[in-house]
Amino acid sequence: MTRCAGFFAVAAVFTLFFAQFASFAEDDLCEDLRNFQARQGKPQRWSGGESFPPLPLPATPLRRSEKKRQPSPPTLVGKVAYGEIIEMKDADGRVRRVRDWITDPNDVHNLMKEVNRRLTIHYKAQEVSLDNFSFDPAEIPILYLAGCKEVALDKGSRERLRWYLQAGGVLLCDPVCGSEAFLKGWMNEMNHIFPKRKIRELPPDHPIYNCFYKIDKVNYEIDGKALSGPPKLLGIDIGCRTVVVLSPFDMSLAWGGHYYPRGRHIWPAEDAFKLGVNLVAYFLATYKQGRHNALEVVYHEEDKPDADALAVGQVIHAGDWDPHPNAVANLLKFAAANSTLNVRFKREAVDLAASDLSRFPVLFMTGHYDPELGDLEISRLRTYLGQGGVLFADACCGSERFDRAFRGMVEKMYPGKLEPIAPASSLYNISGAPVGRFALKPILAQEVSADEVRILGVGNNGVYSVIYSPYAIGCGLEGEDAPFSRGFEKDTSLLLGLNVLVYALTH
């Protein structure tokens, strides 16, 4: 996809995103803001007992590189300084000349006060210039970008920001008053920074919506008109972690303590603060996971003879096909150390429509979203399975979207055939390393007991061609600390994977 085509595809996502809401004519919103006399928003009442923390948040500040403890709390959020200088009127009528990024100077500081109080942590926010920032997530893990003008970064800033996000940092973006100019610029910048990664609407089961507060409805205002609906955030993922988040509806004015009738806002302020608290809680809880993802381990033994070697193909698809680059490599290394398999340490990406599938005794498939396989791909996959191949799949992080789509795909190929694999099946003990009782990650253990969990399969006379887990195996294979994964712990994942490999070769 060309950059131009990619941008218009993302623009289409944005257009559809607002289709359910009233139209909004933006007559140079930033120009109007220059004459805005800010007035304090209405006091908000907070009700207690609404938190739903799935895992304990960090009890101590992130590790600092300085040898001496600083007198002030460590910085968690850096508000990016950028943009043109504009004039704004204060409530007392005085004119201020400010840059676009600081139209709400207290937004992130007020948010951090609420975050610290509600999560019982101790962090601060500060202003950051991209010209002298180290782009080290260990220094500032979260960057916050807000404004109403079109975002435009230079090539160097784009490259450094890409590195920062791949190294474990995150970027939170907010368009002041829902500015379409900001949104357009943001989409263009993301297309430059991650041309191969999709911008997606976060699904309702995304942990951002339930990691502290359970948020299934948000109140909005569009040009002063109140309405409500499900929360709407856009995001970009790296692995199992969302690293870029944009709220198309403004939250900064609510955080800053202001009310403004024009534009698109999350309002009342209580809703904006709850969503902000959840965002910070999610970023904190996944910080260690992001740092782990920055280390990609690649195993290559190209000189090993092909005889009796095992090459595993990973299926390419539209539903985030590669969230765990190291999962298959880790499995193959484990298989080499714990079985008699002669394993070539290589994972190959497989295009179902074009690749020679007969080369692979096992195909691995995973993702968070609908794979969106076409008729040709499904037809070739069914032929491969009919000729003795095995499809091993899991729903990454226990994704409900992938689970629904995968079950629908299998139903097209084998109507009514996907069923639980009995605990007595040799699949769980064929390698000589029995799986035993499933060890579940904490999130999944809160939902079901290990005895209730089942691996599913499509079989013929007891021989399975499709082996599928609706719970995450890849997160365990990756060996990462994935706090929101609905799946199996590392040892269970490795044993399940090893048994599937041996099963595929011996059946």
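Selection of region 335-358 for residues being of a type outside the set (G, A, S), at pLDDT 90 or above and assigned to a helix (DSSP H, G or I) yields only L357.
Quick check on my filter: what residues within region 316-339 are among the hydrophobic types (A, V, I, L, M, F, W, C), open to solvent by 30 Å² or more (accessible area, probe 1.4 Å), without any contact (Cβ under 8 Å) to a residue 60 or more places away in the chain and more than 17 Å from A393 (Cβ to Cβ)? Passing the criteria: A336, A337.
Could you check region 468-479 and list, in sequence order, the residues that are open to solvent by 30 Å² or more (accessible area, probe 1.4 Å) and among the hydroxyl-bearing types (S, T, Y)?
Just the residues of region 468-479 that are open to solvent by 30 Å² or more (accessible area, probe 1.4 Å), to begin with: 471, 479.
Selection gives Y471 alone.
The residues listed here are G156, G169; of these, the one that is of a type in the set (G, A, S) and out of contact with any strand residue (DSSP E or B) (no Cβ under 9 Å at 6 or more places or on another chain) is G156. For region 288-296, state whether one or more residues are modelled with pLDDT under 95 and open to solvent by less than 10 Å² (accessible area, probe 1.4 Å). Yes, there is a match, as at least one residue in region 288-296 is modelled with pLDDT under 95 and open to solvent by less than 10 Å² (accessible area, probe 1.4 Å). Of the residues P204, P230, the single one that is open to solvent by 50 Å² or more (accessible area, probe 1.4 Å), within 20 Å of the chain's Cα centre (by Cα), modelled with pLDDT under 95 and not β-branched (V, I, T) is P204.
Mind checking whether some residue in region 160-168 is closer than 20 Å to C211 by Cα and either in contact with a Ser or Thr (Cβ under 8 Å, 6 or more places away or on another chain) or surrounded by 22 or more Cβ atoms within 10 Å (Cβ to Cβ) (or both)? Full working, then the answer.
Step one: of region 160-168, the residues closer than 20 Å to C211 by Cα are 168.
If we keep only those that are either in contact with a Ser or Thr (Cβ under 8 Å, 6 or more places away or on another chain) or surrounded by 22 or more Cβ atoms within 10 Å (Cβ to Cβ) (or both) as well, we get 168.
Yes, the conditions are met somewhere in region 160-168.
Taking region 442-467 as the search range and keeping residues that are open to solvent by 10 Å² or more (accessible area, probe 1.4 Å) and of a type in the set (V, I, T), which one is farthest from A482 (Cα to Cα)? Here the answer is V463.
Take the conditions crowded, with 17+ Cβ neighbours inside 10 Å, closer than 14 Å to I467 by Cα and modelled with pLDDT of 95 or more and apply them to L427. Does it pass?
When the stated conditions are applied, L427 does not pass them.
Mind telling me which of the residues H317, H324 ends up being modelled with pLDDT under 90 and either of a type outside the set (D, E) or under 22 Å from L373 (Cβ atoms) (or both)?
Values: H317 fails: modelled with pLDDT under 90.
Exactly one residue qualifies, and that residue is H324.
If you go through region 369-403 and pick out every residue that is open to solvent by 20 Å² or more (accessible area, probe 1.4 Å), under 26 Å from the mean Cα position of the chain (by Cα) and touching a residue at least 24 places away in the same chain (Cβ under 8 Å), you end up with 7. Every condition in (1) outside any helix (DSSP H, G or I); (2) buried (at least 24 other Cβ atoms within 10 Å of the Cβ) holds for G235 except the one numbered (2). One residue stands out among those in region 169-195 that are part of a loop (DSSP other than H, G, I, E, B) and of a type outside the set (S, T, N, Q): the one that is surrounded by the fewest Cβ atoms within 10 Å (Cβ to Cβ), which is P195.
To keep it simple, each residue is scored yes or no on (1) open to solvent by 20 Å² or more (accessible area, probe 1.4 Å); (2) at pLDDT 95 or above; (3) in contact with a helix residue (DSSP H, G or I) (Cβ under 8 Å, 6 or more places away or on another chain); (4) over 30 Å from K346 (Cβ atoms).
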| residue | (1), (2), (3), (4) |
| --- | --- |
| T242 | no, yes, yes, no |
| E270 | yes, yes, no, yes |
| N278 | no, yes, yes, yes |
| T286 | no, no, no, no |
| D303 | yes, no, no, no |
| D306 | yes, no, no, no |
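Filtered by the rule that a residue be under 20 Å from T506 (Cβ atoms), among the hydroxyl-bearing types (S, T, Y) and in contact (Cβ under 8 Å) with a residue 12 or more places away in the chain, region 340-361 gives a lone residue, S358.
Please give the number of the condition I215 fails out of (1) open to solvent by less than 10 Å² (accessible area, probe 1.4 Å); (2) in contact with a Phe, Trp or Tyr (Cβ under 8 Å, 6 or more places away or on another chain); (3) closer than 25 Å to F484 by Cα. Single failed check for I215: (1).
If a residue has to be touching an Asp or Glu at 6+ places or on another chain (Cβ under 8 Å), open to solvent by 10 Å² or more (accessible area, probe 1.4 Å) and either modelled with pLDDT of 90 or more or assigned to a strand (DSSP E or B) (or both) to count, how many in region 134-159 make the cut?
Step one: filter region 134-159 for residues touching an Asp or Glu at 6+ places or on another chain (Cβ under 8 Å), giving 144-149, 151-153, 158.
Still in the list and also open to solvent by 10 Å² or more (accessible area, probe 1.4 Å): 145, 149, 152-153, 158.
Narrowing the set further to residues that are either modelled with pLDDT of 90 or more or assigned to a strand (DSSP E or B) (or both) leaves 145, 153, 158.
Residues flagged as touching an Asp or Glu at 6+ places or on another chain (Cβ under 8 Å), open to solvent by 10 Å² or more (accessible area, probe 1.4 Å) and either modelled with pLDDT of 90 or more or assigned to a strand (DSSP E or B) (or both) within region 134-159 amount to 3.
The residue list P248, P261 contains one member that is part of a loop (DSSP other than H, G, I, E, B) and modelled with pLDDT of 95 or more, which is P248.
Once region 93-131 is narrowed to residues that are modelled with pLDDT under 85 and in a loop (DSSP other than H, G, I, E, B), the residue that is most open to solvent (accessible area, probe 1.4 Å) is R94. Listed by first and then second residue, the pairs linking a residue in region 440-453 that is over 12 Å from C397 (Cα atoms) to a residue that is open to solvent by 60 Å² or more (accessible area, probe 1.4 Å) and assigned to a helix (DSSP H, G or I), with Cβ atoms under 8 Å apart and 6 or more places separating them unless they lie on different chains, form an empty list. No other residue among D403, D394 is touching a helix residue (DSSP H, G or I) at 6+ places or on another chain (Cβ under 9 Å), charged (D, E, K, R) and under 27 Å from P483 (Cα atoms) apart from D394.
The values are calculated or read from the model by the stated rules, or taken from the named source; none is laboratory data. Quick caveat, the model's predicted, so the values are computed rather than measured. We place every Cβ from the backbone using ideal geometry, glycine too, and count neighbours over all the protein chains shown. Side chains included, ligands, DNA and RNA excluded: accessible areas come from the protein's heavy atoms. Shrake-Rupley method; radii C 1.70, N 1.55, O 1.52, S 1.80 Å.
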